[in-house]
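These notes are about the structure you will find just below.
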Amino acid sequence: MTDKEKTFVEIYADGACSGNPGVGGFGAILRADGKEKEISGCEDMTTNNRMELMGVITALEALKKPCRVKITTDSNYIVKGMNEWIKGWIKNNWKNSQKKDVLNRDLWERLLKASKPHDIKWLWIKGHNGHVENERCDELARKEIKKCKKRMQK
């Protein structure tokens, strides 16, 4: 299958945390062929960066076949991680530039695996700046945090 034959998918993702660490949520929007799907979830005790990663990971894992993908996120951690840092981390046995273990290695490895079949362009945007899809993903993430907190109170 040539690149032009692959479906083009837009993914928007965001993560949020109430406390860092604390209760976290993520939200993602997948858009392709005139259709849109929203994905969201939460974790009881996590960090903002883990939720940012989970937003992108769950969206990529929802794709059923290799696609051309544009991922838009307000997380420099993810965009720089995938565009600049990850090759060095792997080369240095998952050590960062300070020779310390890469944080969230489990999720970075999961993201790598989920990314592999696709041709991906990583795009950073400024968060909380009126970007419609980013605001919606943030809203999904915050709703998940509320649901998680209610579940924990029971």
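Where a number appears in this text, it was derived from the coordinates with a stated rule and is not lab data. Nothing here was measured: the structure is a model prediction, and the numbers come from that model. With ideal geometry, Cβ positions are generated from the backbone for all residues, glycine too; neighbour counts draw on all protein chains shown.
Assorted remarks:
- From LEU112, LEU103, LEU107, LEU123, residue being touching a strand residue (DSSP E or B) at 6+ places or on another chain (Cβ under 7 Å), touching a residue at least 24 places away in the same chain (Cβ under 8 Å) and aliphatic (A, V, I, L, M): LEU123
- For first residues located in the stretch 78-91 and closer than 22 Å to GLY127 by Cβ, partners that are surrounded by 13 or more Cβ atoms within 10 Å (Cβ to Cβ) and of a type in the set (Phe, Trp, Tyr) and lie 6+ apart or on another chain with Cβ distances below 7 Å form the pairs VAL79/TRP122; VAL79/TRP124; GLY81/TRP108; MET82/TRP122; ASN83/TRP122; ILE86/TRP108.
- Subset of the stretch 7-31 [touching an Asp or Glu at 6+ places or on another chain (Cβ under 7 Å) and over 25 Å from ASP106 (Cα atoms)]: THR7, ARG31
- Only one of the listed residues (GLU36, GLU52) is of a type outside the set (S, T, N, Q), part of a strand (DSSP E or B) and free of Cβ contacts under 8 Å to residues at least 60 places away in the same chain. That residue is GLU36.
- Complete set of residues in the stretch 98-146 that are surrounded by 15 or more Cβ atoms within 10 Å (Cβ to Cβ) and of a type in the set (Lys, Arg): ARG110, ARG136, ARG142, LYS143
- Yes/no for ARG31 being of a type in the set (Lys, Arg), under 11 Å from the mean Cα position of the chain (by Cα) and more than 15 Å from SER115 (Cβ to Cβ): no
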